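Reading through the structure tokens given below for one structure.
The values are calculated or read from the model by the stated rules, or taken from the named source; none is laboratory data. Owing to the predicted nature of the structure, the values given are computational and were not obtained by experimental measurement. Virtual Cβ from ideal backbone geometry, glycine too; neighbours counted across all protein chains shown.
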Ligand SMILES: *Cc1c(COP(=O)(O)O)cnc(C)c1O
């Protein structure tokens, strides 16, 4: 069971809306820090353990700075994310660059920063060489194809556009070793929002065994294994969180069985988790604009898919609470919607909730990752503010809401006739 609590009650939220009108995303600093510390403690047997937070999950400098203070690195996949990482103080190998379909200027920027460059395709060896020269350390993204199954969010590995095939991967290390690359990493990412702990143990086994095959087949000694992201979170109250302790223990056993005898110890293992790190600690706070009765009952919020796409995009479940009505009976069924002219703009369908009235505050849970960041401007909707509930209980604006001027700032209107 996953508890779905709010860090602020109705009164405090109402008060907050006097300064910051809804909708907004609110992040809980203390919970993010405590969670980061738990994550690191579980894997403390790994020398130099690090999670490279996937910037795309929550690309806000305030959040990234908190995670940097907690010892995390970042995982970037675009020029903007690299610049954001640099401006937030991340340096060198604290930055992993895991991109695909990569333009040359992004390789150049990643190389300039001294990031760990994780190549998605065997042809990118030449691309990187031409763009920036080959660095001392190179990593490759492995796609196991039919050897593993994926899940609904990321698809089946053999259908996925990412990574090198089993045949290409040995060749890639052979080529780069010949070209003088000295240090090697190995990466995979085969699941997204996966809640089965055993899945990650299998991923570790797959990568450890592959590291040995790479050493035997190409002479390249892997010093860095990147398990990717994709650790799920319990979006539903009856979901079971992933058991990191179990994953860590089983990984340690595999490390002793596979890595140590192959002479690959010490080898650094890292993750690229985003969702696990901030997902549960963000909340989208909205106000009810309308309650309407049609063929079904609808609750219309002042937020929309521009603020949170996951339900509309994947049919994903996000828990919804109505602050102040926690004790009431959940005897109503509503579709909770946004205002886009797009019927998929629903945060929930047939959700059992207490009776909702116009003006109520409604909180959508677990928006701390892949929430704000997926936002867009369809229908001319503006992205909301992001707020940080700090450890001392104060609230700081960490990104202002977009304005109408922001929306029009990229447009060019025809000259008015004289
Ligand atoms: C999206 C992504 C991540 C983060 O995924 P989470 O589900 O947030 O953990 C990590 N690595 C890569 C390459 C990704 O594309």
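Tabulated results
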read-out: Residue that is in contact (Cβ under 8 Å) with a residue 40 or more places away in the chain and crowded, with 21+ Cβ neighbours inside 10 Å, where the choices are 43, 39, 49; value: 39
read-out: Tally of residues being assigned to a strand (DSSP E or B) and either on the phi > 0 side of the Ramachandran plot or within 15 Å of the ligand (Cβ to nearest atom) (or both) across the stretch 172-201; value: 4
read-out: Exclusive hit being within 16 Å of the ligand (Cβ to nearest atom) and part of a strand (DSSP E or B), set 291, 269; value: 269
read-out: Where residue 317 falls short, out of the listed (1) modelled with pLDDT of 95 or more; (2) over 18 Å from residue 298 (Cβ atoms); (3) loosely packed, with under 15 Cβ neighbours inside 10 Å; value: (3)
read-out: Some residue of the stretch 241-253 being closer than 20 Å to residue 41 by Cβ, away from the ligand (no atom under 16 Å from the Cβ) and buried (at least 20 other Cβ atoms within 10 Å of the Cβ); value: yes
read-out: Qualifying residue in the stretch 354-364 (condition: farther than 18 Å from residue 308 by Cα and surrounded by fewer than 12 Cβ atoms within 10 Å (Cβ to Cβ)); value: yes
read-out: Matching residues in the stretch 258-313 - criterion: being modelled with pLDDT under 95 and touching a helix residue (DSSP H, G or I) at 6+ places or on another chain (Cβ under 6 Å); value: none
read-out: Scope the stretch 55-64; condition within 16 Å of the ligand (Cβ to nearest atom) and surrounded by fewer than 24 Cβ atoms within 10 Å (Cβ to Cβ); matching residues; value: 56, 59, 60, 64
read-out: Residue within the stretch 283-292 that is within 18 Å of the chain's Cα centre (by Cα) and surrounded by 13 or more Cβ atoms within 10 Å (Cβ to Cβ) present; value: yes
read-out: Residue check for residue 224: within 23 Å of the chain's Cα centre (by Cα), away from the ligand (no atom under 14 Å from the Cβ) and more than 30 Å from residue 314 (Cα to Cα); value: yes
read-out: Members of the stretch 217-255 that are touching a helix residue (DSSP H, G or I) at 6+ places or on another chain (Cβ under 8 Å) and either part of a helix (DSSP H, G or I) or outside the structural domain of residue 54 (by TED's automatic domain parsing) (or both); value: 217, 218, 244, 245, 246, 247, 248, 250, 251, 254, 255
